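Worksheet: one structure, shown below.
Values quoted throughout were computed directly from the atomic coordinates according to the rules given, and no laboratory measurement underlies them. These numbers come from a predicted model, not from an experiment. Heads up, the Cβs are rebuilt from the backbone with ideal geometry, glycines too, and the neighbour counts pull from every protein chain shown.
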DNA sequence: GCCGTTTTCGGCCCGACTGTTTTCAGTCG
C-alpha cells in the first residue's frame, strides 16, 4: 500500500543522509536528503503515484536527482546509491549516531581509526579505554557516551501530546510563581500541537536568569547548564530545555523556539532576501538595527507575512499560501460527538455526563455507547439500547436551556462490513458512529471493502477512529484510504478526529486529505470518564494543523442541523 | 542536492553549550 512505500523510501533517504554525513559529504547535500525524507513522511498520497503522474517535481526539495532516485525506487523497490553506501559500511553503523552526544564526525573517526561499527563495539571500546588516544575523546566524553548508550537502550519514545501538555502546565505554573519570573510559556512542538513531543521547550522572561536557572536545575537531572539555558532530564527520561530571555526579545525567542526547523529556515531565508537577519533575539537590518523582536506578530509583519499560527508552522510552504485557514476555536464547537457512559464501559451516569457537558457550555452531547458485539466493553443489546433511549428522552425533557443529549451508538463494523445493529434500530437513533474493533489483520483489500460497506449503510453519521492506530503502540490497519474518503464523501459520512491523546485518529495530514476529498470531519473525545472531556482541545489542535475550518466540522452544526443532515434533508 | 524579486553559481539559519581546545570543533535544536 501507498503508506508502506512512503515509509520505506523515507527510511532510505534518511539512511542515505546518514551515510553521506559519515563520509564527510557536503552537509547541504545531506540536508537535501533529510528534507526530502521529511517531505515524504506522512505524505497523504502515494509517492509512487505522484512520481508516475509527474507531480513529484513540484514538491519542494525534489529536484532532478531526487526525482530520479524516486524513479529507481518505483521501478525496482531500491535506490542504487543507498545500496552502494550500505555495502561500504558495517550493517549497524548508523545506530552509532543515535547515541546522544555522538554525531557523524566522531562516529566516522571511531570507525576509521578503531573499526567500530556498532553500539556494542563502541561500548566495549569505551569500557576498555581504547578510545582515549583519539582526539576529542577525554574522560568526560567517554562517560557521557556510556550514559548515552544507556539512554538509547531504554528505547524511550516521544511522549504523547496530552501527557506533555499536563507536564508543561504544571511546570509553567511553578515557574510563574517565582517572583523573578515575569512571564513563562511553552514553545516547541508542544506549542505546534504535534501529536507526540520529543522534548519540552520552555521560555521565561526574567531579569534574574541565575535564580530561575537555579530553581529549574533542581527539578531534574541536569544535562547542561549555562547562564541563560538549562536542560534537564525529567524522571530520568524526558528532556526539558529552559531558556531565559529579556522581555524585548521574547517574540523573537518564541518564534525561534516554536519552530519547526523547516519553517524557521524558510523564514530566515526570507529575511535574508530582504537583506535582514533573523535570530532568536530579533529581526535586524543590514546595519544591525532591531526592526522587530518583542512580539511574533511584528516579526511576521515586518517580513510581509500574516502571523502564522504555530500549528501551521511545519514545512515552510505555509509562507507562500495565498490564504491562511480561519483558526478553529474551541468555543466554535457546539458539542462532543463521541462519549461513553456507565451503560457500556464508561464510568459515569447519563446525568453526570449531561451536567458536565452543560458546565462546559456544550449545546449537545452524543452518547455513543458500544453495540452488542463488544461484549468485553459491556456493549448494549437492542433491549438495553431502547431502555437507554427512554432515559435519554426523559432527561432531554428536563433540560430547560435547550441542551440536548443525542441518543447514539458506537456500532461495530463486523468482519463482513455489516453493522452490529439492524437498520430499523439505527433509524431510531439520533446519531450513529461506526468503527472497526476486531480482525485488524485483514488484507488491505478486504479491510477497504469492509469499511466502505460499513459506511455505505443508511443512518451512519461518522466513521470513528478510522485507522485504528494507537500512537507508539500499533500502526493501525491498512486500507485504501483514498477510496474510503471517496465513499464517505459520497454517502455524507464524516471522518472522526478521535481526540484521545493515545489515538488522535485521523491524524492531521489524513484529516486534511479527507477534507480535501469532500468529507466532513467530526471531533469526538471517546471519553470514558468526565475528565476525558479535556481531550477536546487536543482534537481542535489536530484540526487546526489540518487547516480545517468550522464549516467542515460536524461539531459546528446545531443539533437540529445534525438531525436534518442525518435525514439527508439538507446538504451540509 | 536544491534553488532563484540580487543569483543558473554560490549560497544554503544560527547561536548556546561542552569538552578539550591553547582559539575551536562538535553536537544539538
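Overview of values
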| read-out | value |
| --- | --- |
| Förster radius 25 Å - calculated FRET efficiency between residue A:196 and residue A:153, Cβ distance, rounded to 0.05 | 0.80 |
| For the stretch A:250-314: Kirkwood Rh in Å [reciprocal of mean 1/r, alpha carbons] | 11.3 |
| Rounded, prolate or oblate (a/c below 1.5 giving rounded, otherwise prolate when a/b exceeds b/c) for the stretch A:93-144 by Cα gyration tensor | rounded |
| Radius ratio Rg over Rh of the stretch A:394-442, counting only Cα atoms, Kirkwood formula for Rh | 1.16 |
| Length added when fully stretched, residue A:210-residue A:376, from 0.36 nm per residue minus Cα-Cα | 54.3 nm |
| Computed [θ] at 222 nm, deg cm²/dmol, chain A (DSSP H ≥ 4; -39,500 (n - 2.57); rounded to nearest 500) | -12500 deg cm²/dmol |
| Three semi-axes of the equivalent ellipsoid, chain A, Cα gyration tensor, whole Å, largest first | 45, 30, 25 |
| Which of A:126, A:504 has the fewest Cβ neighbours within 10 Å, and the rest in rising order | A:126, A:504 |
| Helix axis angle, A:27-40 relative to chain A longest principal axis, alpha carbon, degrees | 10 |
| Between helix A:444-454 and chain A: long-axis angle, C-alpha atoms, 0 to 90°, nearest 10 | 40 |
| Rel. contact order, % - alpha carbon contacts under 8 angstrom, at least six apart, chain A | 9 |
| Difference of contour (0.36 nm per residue) and Cα-Cα distance, residue A:345 to residue A:550 | 70.7 nm |
| Inter-site label distance for residue A:273 and residue A:295 at 7 Å from Cα along Cβ, in nm | 2.6 |
| Taking A:307, A:559, A:407 and counting other C-beta atoms within 10 Å, the order from fewest to most | A:307, A:559, A:407 |
| Three-way shape call for the stretch A:330-571 based on the alpha-carbon gyration tensor, with the a/c threshold at 1.5 | rounded |
| Backbone N within the stretch A:234-253 under 17 Å of label point (7 Å from residue A:182 Cα along the Cβ vector) | A:243-253 |
| Rg followed by Dmax, in Å, when the stretch A:159-244 is reduced to its Cα trace | 12.0, 34 |
| Residue A:561-residue A:327 FRET efficiency (beta carbon distance; Förster radius 30 Å; 0.05 resolution) | 0.85 |
| Cα long-axis angle, helix A:382-398 against chain A (0 to 90 degrees, to the nearest 10) | 90 |
| Residues A:59, A:386, sorted so that the one with the fewest Cβ neighbours within 10 Å comes first | A:386, A:59 |
| Distance (nanometres) between label positions extended 7 Å along Cα→Cβ at residue A:491 and residue A:446 | 2.0 |
| Scattering profile of the stretch A:2-157 at q = 0.13 Å⁻¹ [log10 I(q)/I(0), Debye over alpha-carbon scatterers] | -0.67 |
| Approximate spin-label separation residue A:529-residue A:112, in nm, with each point projected 7 Å along Cα-to-Cβ | 5.7 |
| Surface/4 of the Cα convex hull for the stretch A:241-376, nm² | 13.0 |
